[in-house]
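See below for the structure under consideration.
Each value in this text was obtained by applying a stated rule to the coordinates, not by laboratory testing. This one's a predicted model, so the numbers in the text were calculated from it and none came from an experiment. Here the Cβ positions follow ideal geometry from the backbone for every residue, glycine too, while neighbour counts run over all protein chains shown.
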Amino acid sequence: MQSQAQSLGGPASTAPNSAEPGSLFAEYAPIAGVYDEMLDETGRSRPAWKGFRSQVAQIGEVELLRRWTQSQRLINENGIVYSAYGDAEGRYRPWALDPSPLLLHESEWGAISQGLSQRASLLELLIADLYGDQQLITSGLLPPEVVYSHPGYRVALHRPPMAKGGRPPNLLFYAADLGRSPDGQWWVLADRTEAPSGVGFALENRLVTSRMLAESFRERRVRRLAPFFLQLQATLRRWAPAGRTNPTIAILSQGAAHPNYFEDAYLARYLGYLLVEGEDLTVRSRQLWMKTLDGLAPIDVLVRRPSTDQCDPLELGGESPVGVAGLVQAERDGALLVANACGSGLVESPIFMSFLPRLCQELLGEDLQLPGVATWWCGDPEALEYVIENLDTLILKTAFRRRGQESLLTNKLRKSPRDALVKMIRSDPVNFVAQEQVNRSASPTYRQGKVQPARVALRAFVVAGDGDYHVMPGALARTSIDSGPLEATLLTGEGSKDVWIVGDKPVEVVTLLPGEHESIELVRIGSELPSRVADNSYWFGRQLERADAAARLVRIVATRLSSEGNAADFPELPALIRALAEKGQIEPGYALAEMRERLPMVELALPREVLNHTQSSSLAATVDRMFASAAKVRDRLSRDTWRIVLRVYEDFRNQDAGGANLTDVLNLTNELIIDLAALGGMVVESMTRTQFYRFLDIGRRLERAMQAIDLLRTCLVESRDVSPALLEALLESADSLMTYRARYRASVKLAPVLDLLVTDETNPRSIAYQLNTLERHIGKLPRADDGGPGAPPEQRLALALSHTVRMADIREICEAYELDNPRPLTRLLSDLERDLPALSHAISLKYLAHSGPPRQLAPT
């Protein structure tokens, strides 16, 4: 049992606030009985905060509000969101960053850093023993139940004896949640040793806050975060297998649907690492490989984000699709460095808190410098009785942490009746611990135009170095109005702060960029693309063009329906409405005149149908799918590209389908077409011509050709309407009306329209242009040199499609059509409609098809 006991008492901080009248901090009132991070008992600024309030006052409230609004926009545009574990609805929330940082002096942070470094060393020794010779259990310092009752304990993760030259630490990266009690003492609320999250959010907090308060950031001499990330990079390089000087490092993500995906993509981009998912990887001959379009590429270091029990379905269980069969064996053999090592999360369970003080004496020969919150394990009879007696004042938790369920379980226990809790504890005491509640400190928080106190906890980050551990000079601060357990407040919503470690000496500017005299190897990466990424890139391109085609057609129809003329003034409307129905933008019955009369007026139905997210083929649903595909490859998109995608998505999510009218639809489609044009421009002008770009553009060209063919078939073959108004609408839908008028300066005729939309290779909107581009792209895709005769199927199909259009005689086709013989036009469109899906299938089969996730066939 932990011997330390924290002080819950403390002075009531009711002294007057010494801030200047009229400043943001003038009405700030500390909470009585709580340690205030900014003000001491006399109401004066603490050492780290001296000068900060006056610097903020010089900025002025109006300017500060303007900067904060810009920062909020930046957070929104970058798509910084989180989802609390245990949120039943899985809701994504905008990242709530407070503009006021938390300031700590480097002298105070130095003591915290020493304690965290010692704690990380202790936990490393503990993990090594539990997965090694287990001397702590043999000697009686740890009861066997602590390990053998732990649901996360796996025999398969036992490590072989230490090889000559040493073995990488199990704990390369560590985080601790800290809280300060009313007497000013810092306490460890929880250890995070599995796959600690939050460092990416801390980095983003720093970037946003330092821009908003740039003057104060410089004058306060805030310690930079970059050295910590440099140390992280150096540590991963140092422990890479076989001493590889330039190892391939990847971050194993749990996918775009997971709450941590933003951080995964952010860190991958910042550190220059690959971002992979389980289906991108395979183990062959006890080596981890990434499955790319050009074959298998080795992975030397894997920074894992999934929990241990999700990492290897072969040895650890088969329920999760995010793992890689054989991963544990590759790690065990030393062919792969996994950070943190599988099984590291064993010691982050609260049960270990009660044993750490005596373990520190045993393993390190010294007292624990940074104590953990007082913890009683109910498996100890004496502790059990103490817990039962003081249950009303303690926080009851499950002894063994279940990652992703902690906040939910703690909240559930907190709300249970006392009698039920006592019965539950006595029936299974091994599985429960109780902890003393830390009356956490408060820090200024900006809310509703005022600066008010809010409870605060820190997550500090530690990385292994050369024989020691290094602490990041900063942290992720989380704020809450609720003073209850930290885990319980996550479901009600949390705020965040940047943490500034301020000093008295000038700050050395450090960057992750190479030094001025450091040589850089010249590389051009293009073919090492996982098929999953190629697949999402391909479908991002297709959904982009599908949304563009639908938006243009909807705008054309909405413009005519909302004009002051009668329906008779627009003879092309029936064919265009039929095309909308064919594309699923409106009820299919509107395609038939006899059915149209029985349905609601199309003017009323169109906005509702187009903005219906539950209708799979609607414009809104297409935008949703475009966003989903883009989110899966976010780490490969530029910030500006992502901002456009996010803006489009939010514009549609914020629309009220039931209350929208034609004007709303017109405004929305106008904005959408402009945004999609900007998005297409970013793709063409800013993306290097790698395989990622190539698959994205293949998706665009295939979809643009298919949409054009489908519209021509609906309007010219099925509707048999060649009125100038309809032909002009077709030109408008292909953004080619201006080109036609500049070229012909005459009335609209079928032959020149078809030439411009089908066979003109100089028109970026024509079918011929799409097919020529596809032919070029497909010719540059990776090919297995199997020595077989002729071109591969996808290349033959692309050549055949281009040949079909090049051989088409538009004059003959139009002459036959005008003589009431649409068969030549029908044959041309039918041939293209047949071969384009075949081309898409051939590409998918060769490059984009995936095997299913690995599953365990029998229990361990």
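By the rule of a C-alpha distance below 16 Å, with chain neighbours fewer than 8 residues away ignored, the lysines paired with residue 397 are 412, 415, 423.
What ranking, highest mean first, results for peptides 99-105, 716-722 when packing means the other Cβ atoms within 10 Å averaged over each residue? Show your work: numbers first, answer last.
Working: 99-105: 23.3, 716-722: 16.3.
Ranked by mean Cβ neighbours within 10 Å, highest first: 99-105, 716-722.
With coordinates expressed along the principal axes, the C-alpha atoms belonging to region 689-847 extend over 53, 30, 21 Å, beginning with the largest. For the chain, the longest principal axis of the alpha carbon atoms and the long axis of helix 106-130 meet at an angle near 90°. Pairs of Cα atoms in region 628-704 fall into 5 Å distance bins, from 0 up to the last occupied one, in shares of 3, 13, 22, 24, 16, 11, 7, 3, 1 percent.
Kindly provide the helix-only [θ] at 222 nm of the chain, computed as the sum of -39,500 (n - 2.57) over DSSP H runs of four or more divided by all residues, to the nearest 500 deg cm²/dmol?
Numbers: 30 runs with 360 residues, N = 860.
That calculation yields -13000 deg cm²/dmol at 222 nm.
Volume per residue for region 200-320 equals 141 cubic angstrom (convex hull of Cα atoms). Calculated on C-alpha atoms, the gyration radius of region 536-687 divided by its Kirkwood radius gives an Rg/Rh of 1.01. Checking (i) 99, 71, 64; (ii) 78, 61, 51; (iii) 108, 77, 58 against Cα extents along the principal axes in Å calculated from these atoms, the matching label is (i). Between amide H atoms placed 1.01 Å from N, distances below 5 Å from residue 251 occur with 274, 275, 276, 303, all of them 5 or more places distant or on a separate chain. With respect to the chain, whose longest principal axis is taken over its alpha-carbon atoms, helix 226-238 is tilted by about 90°. Rounded to the nearest 10 degrees, the angle from helix 531-561 to the longest Cα principal axis of the chain is 50 degrees. The lysines within cross-link reach of residue 450, meaning a Cα-to-Cα straight distance under 21 Å and a gap of 8 or more places when in the same chain, are 50, 497. Counting only residues at least eight positions apart within a chain, or on another chain, the aspartates and glutamates with an alpha carbon under 17 Å from that of residue 505 are 106, 108, 215, 219.
Over region 689-847, what is the relative contact order in whole percent, taking alpha-carbon pairs under 8 Å and six or more residues apart?
Values: 133 pairs, mean separation 38.9, N = 159.
About 24 percent, as a whole number.
Descending by average beta-carbon neighbour count within 10 Å, the peptides 190-199, 250-259, 109-118, 538-547 line up as 538-547, 190-199, 250-259, 109-118, the highest first.
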